[in-house]
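Here is the structure we will look at.
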Amino acid sequence: MATLRFPIAILLTLLHHSVSSSVFVEKGQDVRLDVQGYMTVKENLKRLNIFTWMFNTSDNVVTYIHEIETQVTRKYQGRAEFIEGNFSLLLKNLTEGDSGCYTAAVSAKRNKDVAKYQISVQERVEPPVLTVNSVSSINTTCNVTVTCRGQNTSVTSSCNSRTCSQVRGESRGAENSTVPLLSVYVAGGSIICNHSNQVSWAKDTKEIKTICVSKSGKTCTRACTHTHTQYALLTLRLYFQERDKADHNYAVTVWIRSPVIIFFVGCALIRW
């Protein structure tokens, strides 16, 4: 009798120390929960009799009675599938309500856990929006201030061609968090606004060169306009000086034409 119970005691001791694994699943997708070392469980199941998958320790999903039957609880019928060959549980079309702890256990005199999963069901993140707030130049460095907006949060950062530093806002989220994460960084010559969670990500980008050239072009346009205005005024000044030096008859002739010249110069100024 002692020889029969000894292998079972070893198995139950090993299974008792199962560690919970975190699994993130996109809403609407399926997930399969496996039992590591299922062959050992299978070899000893005839002595253990019952195998179960439970949700949050109290809600039975599947009950498997060795060589007799498999029972899927009514609320999980069509949504859960038990695979007898390796004791895996397939959950289909998950929703947020399916988030929680799933435990596989074998029973003799008492239940012993053989697998445990902490499931978190998340929706796909929405695409973020990256907005340019301002552009400035210090020496030869172009600095761009941007705001990255995601679901119910935003981050404002100051960026150059190499890096970004957060000015205000909350990035939120973490490596193992269920909260979406916003991040702003520079890569491949672009400012990237990344919105992500554990199951999906989306991004919006702005090319730094395009932003800075556009700003530089506006500055050049103002400078050119100022230069053209000075040139037009100088032309008028020279014209009147030459007119005063001319004889009376020539001056009258030129004076008749002068409104036409002034008209064209005025049009040029308006255009600039």
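The values are calculated or read from the model by the stated rules, or taken from the named source; none is laboratory data. Just so we're clear, the structure is a prediction, and the values are computed from it rather than from any experiment. In this analysis, Cβ positions are derived from the backbone assuming ideal geometry, glycine residues included, and neighbour counts consider all displayed protein chains.
Worth a mention:
- If the condition is being farther than 20 Å from N152 by Cα and surrounded by 13 or more Cβ atoms within 10 Å (Cβ to Cβ), then region 121-137 contributes only V135.
- Pairs, first of a type outside the set (S, T, N, Q) in region 23-38, second surrounded by fewer than 17 Cβ atoms within 10 Å (Cβ to Cβ) and in a strand (DSSP E or B), C-beta under 6 Å, six or more apart: R32/L90
- The one condition in (1) surrounded by 18 or more Cβ atoms within 10 Å (Cβ to Cβ); (2) of a type in the set (V, I, T); (3) at pLDDT 90 or above that V41 fails to fulfil: (3)
- Among the candidates S136, S107, the residue that is outside the structural domain of V25 (by TED's automatic domain parsing) and modelled with pLDDT under 95 is uniquely S136.
- Among the residues making up region 68-120, those that are touching a residue at least 24 places away in the same chain (Cβ under 8 Å), of a type in the set (S, T, Y) and crowded, with 17+ Cβ neighbours inside 10 Å are S88, Y102, T103, Y117, S120.
- F55 vs. criteria within 34 Å of the chain's Cα centre (by Cα), within 11 Å of Y102 (Cα to Cα) and not assigned by TED's automatic domain parsing to the domain that holds V179: yes
- Selection count, region 151-161, where residues are under 19 Å from A202 (Cβ atoms), part of a loop (DSSP other than H, G, I, E, B) and touching a residue at least 24 places away in the same chain (Cβ under 8 Å): 1
- Near pairs, Cβ below 9 angstrom, 6+ apart or cross-chain, from region 130-150 (touching a residue at least 12 places away in the same chain (Cβ under 8 Å)) to any residue that is among the basic types (K, R) and assigned to a strand (DSSP E or B): L130/R149; L130/K203; L130/K206; T131/R149; T131/K206; V132/K206; V144/K206; V146/K206
- The one condition in (1) at pLDDT 95 or above; (2) out of contact with any Ser or Thr (no Cβ under 6 Å at 6 or more places or on another chain) that G173 fails to fulfil: (1)
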